[in-house]
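In what follows, a structure is listed as C-alpha cells, so that the remarks can point back to it.
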Amino acid sequence: MSGTAEAQERVLRLGYLFSQSSQLGAGAQRFAAEVAKRTGSAYRVELYPNGAVGGEVEMAEALRIGHLDMAFITSAPFSGIIPDFGVFDIPFLFRDARHAHAVFDGPIGQDYLRKFQPKGFVALAFGENGMRHITNGKRPVASPEDLKGLSMRVPQSDVMLAGFRALGVKAEPLAFPALYGALQSGQFDGQENPIAVITASHFERVQKHLTLSGHIYSWAAILISKSAWETLGAAEQKAFVEAARAGGQVSREVAGRAETEGVDELRRAGMTVVATVDRAAFEARLDATTAEFGKRFGADLIQQIKSVR
C-alpha cells in the first residue's frame with residue numbers, strides 16, 4: 001500500500017464484549033469486511049474483542065462522549081440508558097427468536113432504532129445476542145419453585161432484576177467480565193445468558209445445570225458515535241448501514257446455530273440439560289410483576305409486541 005493510500009484510509013475502532021468466536025465476534029468481522037468492501041477500503045474497522053475497551057456500560061459511555069468510534073453492544077445496559085428499551089427485558093415477552101426478529105425488523109424495531117439518537121449514539125442495525133437460558137451449579141431447574149433461593153447474576157437491567165426477584169431468586173447485577181470468577185468462587189449459584197455466550201465463555205466448567213428457559217430475547221446493536229457518523233458522507237453512511245445489517249444478520253445466524261449445536265456441546269461437556277420448562281407456571285408467577293411493567297411501558301405496547309406474528 002502506498003503512503004498516500006495509507007494516509008487516506010480511515011481507521012475506526014469497534015469494541016465488543018465477547019470472544020472472536022462468539023455471535024458478536026462473527027457479526028463484527030462481517031461488518032468490518034463489508035465496510036472495507038463497500039467503501040473501497042477507504043475505511044478500516046479495527047476490532048477489539050473480549051471487553052478490551054471496557055464492559056458494555058463503559059463502551060456505551062465512551063461512544064456517547066466520542067472516545068470510541070463504534071461498538072457492537074448487547075441489550076444488557078440499554079434499559080438503564082434509554083428506559084424505553086426496558087420493555088424488551090420483560091421475561092417471556094417473546095415466544096422465540098423468530099418472533100423477536102419479526103418485532104425488531106418491523107415497525108416497532110425501526111421506531112426503537114431511532115431512540116438511540118437523542119442519547120448521542122447512532123444505531124446502524126440490530127443484531128443478536130440470543131435467547132437467554134439459565135445455568136446453575138446447584139440443581140436442575142424446570143419450574144419457578146426450583147429457582148427459589150438460588151443466587152444469580154443478572155445483567156445491569158432493573159427490569160430483569162425485578163423479574164428474577166419475583167421468581168424468588170437472590171438476583172444481583174454484575175458486569176459480565178467479572179462473571180466467570182464470581183461463578184467459580186461460588187459468589188453466585190447461577191447466571192443466565194444465550195447459549196453462544198455460555199459456550200464461548202466456558203461456563204460449563206463452573207456450572208452443572210442448564211435450563212433451556214428462553215425467558216428473554218437479548219438483542220444487540222451495531223452503534224457508531226455521533227461524531228464519527230457526522231464525518232461520513234451520505235454514500236458512506238448508506239454503506240455503513242448496509243454493512244451493519246449484514247453483520248447483524250450473521251450474529252443472528254451464529255446465535256441460532258449455537259442454540260442447537262451449542263446445547264449438544266454443553267451436554268457432552270457434562271452439563272445436565274432441562275430442555276423444556278413449564279412456561280405457563282413461570283408466566284403465572286410473574287403476573288403481578290408483568291402488570292407493573294404494563295403500567296410502566298404501556299399495556300398496549302406489550303400486547304402489540306406479543307401479538308406480532
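Sequence gap at least 6, Cα distance under 8 Å: using those rules, report the relative contact order of the chain to the nearest whole percent.
Values: 610 pairs, mean separation 83.2, N = 309.
RCO, the chain: 27 percent.
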For this session: Could you run the Karplus curve 6.51 cos²θ - 1.76 cosθ + 1.60 with θ = phi - 60° over the stretch 219-227 and give me ³J(HN,Hα) per residue in whole Hz, x for Gly and Pro?
Result: 7, 9, 9, 8, 10, 10, 5, 4, 5
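Relative to the compact-globule scaling 2.2 N^0.38 Å, provide the ratio for the alpha-carbon radius of gyration of the stretch 6-110. List each step's numbers first, then the result.
Numbers: Rg = 15.6 Å, N = 105, 2.2 N^0.38 = 12.9 Å.
Compared with the compact-globule rule of thumb, the stretch 6-110 sits at 1.21.
On a full-extension model of 0.36 nm per residue, what is the gain between A275 and E261, subtracting their alpha-carbon distance, rounded to one decimal in nm?
Working: separation 14, 0.36 × 14 = 5.04 nm, distance 1.37 nm.
Here the answer is 3.7 nm.
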Problem set entry | Dipole of the chain, positive direction: furthest Cα of V254, G40, L232, with charges on the beta-carbon | V254
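At 1.002 mPa s and 20 °C, plugging the Kirkwood radius over alpha-carbon pairs of the stretch 44-91 into Stokes-Einstein gives what diffusion coefficient in µm²/s? It would help to have the intermediate numbers written out before the result.
Numbers: Rh = 11.7 Å.
The calculation lands on 183 µm²/s.
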Seminar exercise, completed: Taking Lys and Arg as +1 and Asp and Glu as -1, residues besides Q207 with C-beta under 12 Å from its C-beta add up to +2
Exercise. Hey, with R₀ at 22 Å, roughly what FRET efficiency would Q184 and A52 work out to, going by the Cβ-Cβ distance, to 0.05?
Worked result: 0.55
Seminar exercise, completed: Of the listed links K138/K170; K148/K170; K148/K208; K138/K208; K119/K295; K37/K119, those spanning more than 19 angstrom between alpha carbons are K119/K295; K37/K119
Problem set entry | Entry for Cα extents along the principal axes in Å (calculated from the structure that is shown) out of (1) 65, 43, 31; (2) 101, 59, 49; (3) 76, 50, 39 | (1)
Seminar exercise, completed: Of the residues L93, A178, P49, the Cα lying farthest along the dipole of the chain towards its positive end, which is defined by charges on the beta carbon of Lys, Arg, Asp and Glu, belongs to L93
Seminar exercise, completed: Of A166, A26, A52, the most mobile residue in a GNM of the chain (C-alpha springs, cutoff 10 Å) is A52
Seminar exercise, completed: Applying the span-like rule to the chain (DSSP H, Cα extent along axis at least 20 Å, Kyte-Doolittle mean at least -0.5) gives 23-38, 234-257
For this session: Let me know the charge dipole size of the stretch 46-124 about its Cα centre in debye, to the nearest 20, where only the beta-carbon of Lys, Arg (+1) and Asp, Glu (-1) is charged.
Result: 220
Seminar exercise, completed: Taking max minus min of the Cα coordinates of the stretch 175-309 on each principal axis, largest first, gives extents in Å of 52, 38, 30
Problem set entry | the chain - percent of accessible surface contributed by carbon and sulfur, probe 1.4 Å | 50
Exercise. Between E242 and H202, what FRET efficiency follows from the Cβ-Cβ distance if R0 is 25 Å, with the result rounded to 0.05?
Worked result: 0.15
Problem set entry | Gaussian network model of the chain, Cα within-10 Å springs - most flexible of D278, D96, D69 | D278
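How many percent of DSSP beta bridges within the chain run antiparallel, rounded to 5?
Numbers: 23 of 41 bridges.
So the antiparallel bridges amount to about 55 percent of the total.
Under 8 Å for C-alpha pairs, at least 6 residues apart: give me the relative contact order for the stretch 1-100, rounded to a whole percent. Before the final figure, lay out each step's value.
Values: 115 pairs, mean separation 29.0, N = 100.
With pairs under 8 Å counted, the relative contact order is 29 percent.
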Exercise. Put +1 on the Cβ of each Lys and Arg and -1 on the Cβ of each Asp and Glu in the stretch 168-309; which of Q207, A291, L266 then has its Cα farthest toward the positive end of the dipole?
Worked result: A291
Problem set entry | Karplus 3J(HN,Hα) series, Hz, for the stretch 72-80 with 6.51 cos²θ - 1.76 cosθ + 1.60 (x for Gly, Pro) | 10, 10, 6, 5, 2, x, 6, 5, x
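Kirkwood Rh over Cα pairs of the stretch 120-240 into Stokes-Einstein at 10 °C, 1.306 mPa s: D in µm²/s?
Working: Rh = 16.0 Å.
The Stokes-Einstein estimate is 100 µm²/s.
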Problem set entry | More than 15 Å apart - percent of Cα-Cα pairs taken over the stretch 74-137 | 56
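Please quote Rg/Rh for the stretch 148-212 to two decimal places, taking the Kirkwood radius as Rh and restricting both calculations to Cα atoms.
Working: Rg = 11.1 Å, Rh = 12.0 Å.
Here Rg/Rh amounts to 0.93.
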Exercise. For the stretch 143-212, what is the charge dipole size about the Cα centre, in debye to the nearest 20, if Lys and Arg each add +1 at the Cβ and Asp and Glu each add -1 at the Cβ?
Worked result: 100
For this session: Please list, in chain and number order, the residues 5+ apart from D69 or on another chain whose amide H is under 5 Å from its amide H, with Hs placed from the backbone.
Result: R13
Exercise. Using helices alone, what [θ] at 222 nm do you get for the chain, with -39,500 (n - 2.57) per DSSP H run of 4 or more residues, divided over all residues and rounded to the nearest 500?
Worked result: -12500 deg cm²/dmol
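Where the only charges are on Cβ atoms (+1 Lys, Arg; -1 Asp, Glu), what is the dipole of the chain about its Cα centre, to the nearest 20 debye? Don't jump to the answer; show the numbers that get you there.
Working: 34 positive and 34 negative charges, 40 e Å.
With Lys and Arg at +1 and Asp and Glu at -1, about 200 debye.
Just check the stretch 242-309 against the gyration tensor rule for me: Cα atoms, a ≥ b ≥ c as the square roots of the eigenvalues, rounded for a/c under 1.5, and otherwise prolate or oblate depending on whether a/b exceeds b/c.
On the way: a/c = 3.39, a/b = 1.28, b/c = 2.64.
In terms of gyration-tensor shape, oblate.
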Problem set entry | Listed residues L12, L124, L286, most fluctuating in the chain (Gaussian network, C-alpha, under 10 Å) | L12
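The values are calculated or read from the model by the stated rules, or taken from the named source; none is laboratory data. Because the structure is a prediction, the values reported are computed rather than measured. Glycine gets a Cβ as well: all are built from the backbone with ideal geometry, and neighbour counts include every protein chain shown. Accessible surface is based on the protein model in full, side chains and every heavy atom, while ligands, DNA and RNA are left aside. Shrake-Rupley method; radii C 1.70, N 1.55, O 1.52, S 1.80 Å.
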